[in-house]
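The block underneath contains the structure these notes are about, expressed in structure tokens.
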Amino acid sequence: MKVCPNKFPEKSNVVMVGMPGAGKSTIGVLLAKETSFDFLDVDVYIQGQEHRRLQEIIDLEGIEVFKELEEKYLCQIDVDGIVVSTGGSAVYSKKGMQSLAQKGLVIFLKINMQTLEERLGDFSTRGVVIAPGQTFEDLFAERNKLYSEAADIVIECDGKTQDELVVEIVEKVFTGK
Ligand SMILES: Nc1ncnc2c1ncn2[C@@H]1O[C@H](COP(=O)(O)OP(=O)(O)O)[C@@H](O)[C@H]1O
Ligand SMILES: O=C(O)C1=C[C@@H](OP(=O)(O)O)[C@@H](O)[C@H](O)C1
Ligand SMILES: [Mg+2]
């Protein structure tokens with residue numbers, strides 16, 4: 001039986017946004033298991049459609065081509081009863097986010113700079129969309145603004161385990177506590 005995000009009956013999906021390393025993919029799948037929702041990781045979806053790794057696309061074709069592709073695939077997603085974990089750069093696509101938000105409750109997994117650095121290590125090998133010369137601090141500030149604007153709900157993730165975060169999201173989104 002499917003549980004509905006009953007605090008938000010007009011929304012049939014849950015959409016995770018946030019910095020790379022914030023936990024969108026791992027917490028998204030745990031949330032889907034907990035709620036009997038299905039799960040879609042947009043990064044995995046793009047790779048499956050493109051038959052190549054995101055890192056390869058970014059390295060060989062550059063970030064602008066990657067962002068165009070990401071927008072194309074974000075706009076194709078038409079689902080119900082799904083936890084959708086986006087890639088960290090999805091918020092650069094206004095059209096893509098508007099499309100997801102039509103039926104999706106957008107959850108921003110917010111995390112501080114120190115935790116991100118610990119989790120990401122060398123982000124140049126993780127395929128992060130960052131402009132030449134842009135510092136990670138600048139990227140962090142730019143992205144946080146976009147995630148906050150896109151979000152219906154902000155979840156502060158620092159110092160919390162994945163399981164604690166799933167419980168918190170279920171309470172805020174599914175049981176209305
Ligand atoms: N709350 C958490 N506490 C500790 N480690 C976490 C937490 N959330 C995610 N992680 C770890 O951080 C890494 C990045 O998580 P991932 O889900 O891939 O992030 P994203 O999809 O946002 O880039 C993974 O190794 C994951 O296990
Ligand atoms: O933030 C980014 O620029 C990106 C994050 C990645 O996803 P995760 O946020 O799941 O790591 C992936 O979409 C791509 O490599 C670009
Ligand atoms: Mg991910």
Handout entry: FRET E, pair Arg53, Asp152, Förster distance 25 Å, beta-carbon r, rounded to 0.05
Key = 0.20
Practice task
Mind giving me the nanometre distance, one decimal, between the label points for Thr161 and Glu68, set 7 Å out from Cα along Cα→Cβ?
Solution key: 4.6 nm
Problem - Principal-axis tilt of helix 24-35 within the chain, Cα atoms, nearest 10 degrees - result: 20 degrees
Problem - C-alpha long axis of helix 63-76 to longest principal axis of the chain, angle in ° - result: 30 degrees
Problem - Theoretical FRET efficiency, 1/(1+(r/R0)^6), r = Cβ-Cβ of Gln114 and Glu168, R0 25 Å, to 0.05 - result: 0.75
Practice task
Give the Cα extents of segment 41-94 along the principal axes, in whole Å, largest first.
Solution key: 35, 24, 16
Problem - Debye log10 I(q)/I(0) at q = 0.10 Å⁻¹ for the chain, Cα point scatterers - result: -0.36
Fill in the blank from the handout: Note, Asp158: beta-carbon cut-off 12 Å, +1 each Lys/Arg, -1 each Asp/Glu, net 0
Fill in the blank from the handout: Under 19 Å by backbone N from the virtual spin label 7 Å along Cα-to-Cβ at Gln102, the residues of segment 29-59 are 40, 42
Exercise for the section: Report, to the nearest 10°, how far helix 94-103 tilts away from the longest principal axis of the Cα atoms in the chain, using its own Cα long axis and a range of 0 to 90°. Expected result: 10 degrees
Practice task
Using the structure shown, select from Lys24/Lys95; Lys7/Lys95; Lys7/Lys33 the pairs with a Cα to Cα distance greater than 22 angstrom.
Solution key: Lys7/Lys95
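Values in this text are rule-based calculations from the coordinates and carry no lab data. On a predicted model such as this, the values are computed, not experimentally measured, just so you know. Virtual Cβ from ideal backbone geometry, glycine too; neighbours counted across all protein chains shown.
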